[in-house]
Amino acid sequence: MSAPAIAAVDWGTSSFRLWVLDSKGSVLAERRSSEGMLVATGEGFSSILERHLAAVGAPADLPVIVCGMAGARQGWVEAPYVTLPASLDGILAGAVPVPAQGRTIRILPGLAQRSAEAPDVMRGEETQLAGITPLFVQGSHVICMPGTHSKWVQAADGIVQVFRTWLTGELFAVLSKHSILRHSLGDDIAPPMPDNQAFLAACSEALGHGGDIGPSLFRVRAATLLNDQKPEVAAATLSGLLIGAEIASARRVFGPLSNKIVLVASGSLGMLYGAALRLAGCTLIQADADDAVRSGLFEAAKRLGWAGHRS
């Protein structure tokens, strides 16, 4: 069996993911938990990390490369944002050390768009971009990265030029749990399948209206009251309206999206966005989000000289 070379960690607001990788980037062990930044600020980042490393039998001197909210101002150690335009080298060169630890730990920075008209930031997604750089190293590309806060990125010849954030996932959570629509969706909300007709119809409606879904949202509630609409149909409709509105809005920012779109996503969310983007007439190049962030972390480790030097 290969020897471990690094531990790669994606530390989000509400999630923690760790992979132990060998010198070629192959996964030797994996840990996942809900101990994101919100938990770690109380319990301690170091104690959570060391507990997970001990659980997989990681050597005491195994170096760790981290991305995500551990580098936020409220996180473990702040890793200042790199200002656009930014290259892979610029992102990875901004890794900051975590002092006073028994092992070597570096945290990658996020990206900042310091524009008076469209200020924006990201943390974690920049590492996914580093992991899929071969997909946009030549020419101009638009990259869609769905999530709680969806990121759309425009890159040219490997340089991240501009990006925008849509609160699509957070809006779904707020509307489904804290608005009048919660009575229509119920408590057990499962994501629709990508061929769900209610999802596709709502997505098509949002695209056709240029993302203006204001008059359509309350209809989700009215259809429950008047037409006995089922909760799963209400959830699919809300999801389709929000995702369709996001894509329609992205069209206004980045153009008609007639060229290939790089979609970086996993699981059911990736399938839903794939279906919605195809409905919008887009041709897709798909990349798995987990693979992308892990590859980006490994690329950072290589740039630091950590990968490949262990037997």
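The values are calculated or read from the model by the stated rules, or taken from the named source; none is laboratory data. Note that the structure is predicted; figures quoted are calculated from it, not measured. With ideal geometry, Cβ positions are generated from the backbone for all residues, glycine too; neighbour counts draw on all protein chains shown.
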* Return yes when S2 is small (G, A, S), closer than 22 Å to D291 by Cβ and under 22 Å from the mean Cα position of the chain (by Cα) and no when it is not. => no
The number of residues in the stretch 94-125 that are surrounded by 20 or more Cβ atoms within 10 Å (Cβ to Cβ) and in a loop (DSSP other than H, G, I, E, B) is 8
Considering residues that are of a type in the set (S, T, N, Q) and over 13 Å from I159 (Cα atoms), the number found within the stretch 114-138 is 3
Of L284, L304, the only residue that is closer than 20 Å to D22 by Cα and surrounded by fewer than 20 Cβ atoms within 10 Å (Cβ to Cβ) is L304
Requested in this report: Determine, yes or no, whether A307 is under 25 Å from the mean Cα position of the chain (by Cα), touching a residue at least 12 places away in the same chain (Cβ under 8 Å) and outside any helix (DSSP H, G or I).
Outcome: yes
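For (1) farther than 29 Å from A155 by Cβ; (2) under 22 Å from the mean Cα position of the chain (by Cα), each residue gets a yes or a no:
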| position | (1), (2) |
| --- | --- |
| S23 | no, no |
| L28 | yes, no |
| R31 | yes, yes |
| A55 | yes, no |
| P59 | yes, no |
| G68 | no, yes |
| Q74 | no, yes |
| P85 | no, yes |
| D89 | no, yes |
Exactly one of V137, V174, V153 is within 20 Å of G255 (Cα to Cα) and of a type outside the set (S, T, N, Q), and that residue is V153
In the stretch 23-36, anything outside any loop (DSSP other than H, G, I, E, B) and either touching a His at 6+ places or on another chain (Cβ under 8 Å) or at pLDDT below 95 (or both) is listed as R31, S33
Notebook entry, point to check: Does S140 fit the bill of being surrounded by fewer than 17 Cβ atoms within 10 Å (Cβ to Cβ), in contact with a strand residue (DSSP E or B) (Cβ under 7 Å, 6 or more places away or on another chain), at negative phi and modelled with pLDDT under 95?
Noted result: yes
Of the residues in the stretch 262-284, those that are β-branched (V, I, T) and modelled with pLDDT of 95 or more number 2
On the given criteria, is L171 surrounded by fewer than 21 Cβ atoms within 10 Å (Cβ to Cβ), closer than 18 Å to I243 by Cβ and in contact with a strand residue (DSSP E or B) (Cβ under 9 Å, 6 or more places away or on another chain)? no
| task | Could you check, for the stretch 85-93, whether at least one of its residues is part of a loop (DSSP other than H, G, I, E, B) and closer than 15 Å to R303 by Cβ? | result | yes
- Does any residue of the stretch 46-59 turn out to be in the same structural domain as G25 (by TED's automatic domain parsing), assigned to a loop (DSSP other than H, G, I, E, B) and in contact with a Ser or Thr (Cβ under 9 Å, 6 or more places away or on another chain)? no
